[in-house]
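Notes follow once the structure below has been shown.
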Amino acid sequence: MSKRLEQMRANPRADWRIEEIVAVCGEFGISCAAPRSGSSHYKVSHPMMREILTVPFKRPIKPVYIRKLVQFIDAVRAFS
């Protein structure tokens, strides 16, 4: 179990940074691709998931994106 994921689950309103999102995705083998030119959103994806979650780079990252990320990670873990 990831300590960072549990912190995100417990407090999605904290001042989360994109680096922390990239790190937690890496812990679970989830791709978190940096934005290409002209875009401001990271793309979170996994081969087992049809959905692609987009997370804005701009701070502060809103709690709704953290909640969606936690749900996405939970869904990936359920398939594994």
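Only the coordinates and a few stated rules stand behind these numbers; no lab work does. The structure presented is a predicted model; accordingly, all values stated were derived computationally and were not measured. Virtual Cβ from ideal backbone geometry, glycine too; neighbours counted across all protein chains shown.
Brief remarks on what is shown
- Selection over segment 30-80 of residues that are touching a Pro at 6+ places or on another chain (Cβ under 9 Å) and of a type in the set (Gly, Ala, Ser) gives a count of 2.
- Condition met for residue 47 (under 14 Å from residue 77 (Cα atoms) and either exposed (fewer than 14 other Cβ atoms within 10 Å of the Cβ) or in contact with a His (Cβ under 7 Å, 6 or more places away or on another chain) (or both)): yes
- Selection count, segment 26-38, where residues are buried (at least 17 other Cβ atoms within 10 Å of the Cβ) and either without any contact (Cβ under 8 Å) to a residue 40 or more places away in the chain or out of contact with any helix residue (DSSP H, G or I) (no Cβ under 9 Å at 6 or more places or on another chain) (or both): 1
- Search result, residues across segment 1-27 that are in a loop (DSSP other than H, G, I, E, B), within 12 Å of the chain's Cα centre (by Cα) and more than 13 Å from residue 71 (Cα to Cα): 16, 17
- Subset of segment 37-64 (residues that are of a type in the set (A, V, I, L, M, F, W, C) and out of contact with any Phe, Trp or Tyr (no Cβ under 8 Å at 6 or more places or on another chain)): 52, 64
- For segment 39-60, the criterion of being under 19 Å from residue 4 (Cα atoms), touching a residue at least 40 places away in the same chain (Cβ under 8 Å) and outside any helix (DSSP H, G or I) is met by at least one residue.
- Exactly one residue among 67, 17 is under 18 Å from residue 7 (Cβ atoms), surrounded by fewer than 17 Cβ atoms within 10 Å (Cβ to Cβ) and in contact with a helix residue (DSSP H, G or I) (Cβ under 9 Å, 6 or more places away or on another chain), and that residue is 67.
- Count of segment 61-80 residues which are over 19 Å from residue 8 (Cα atoms) and part of a helix (DSSP H, G or I): 1
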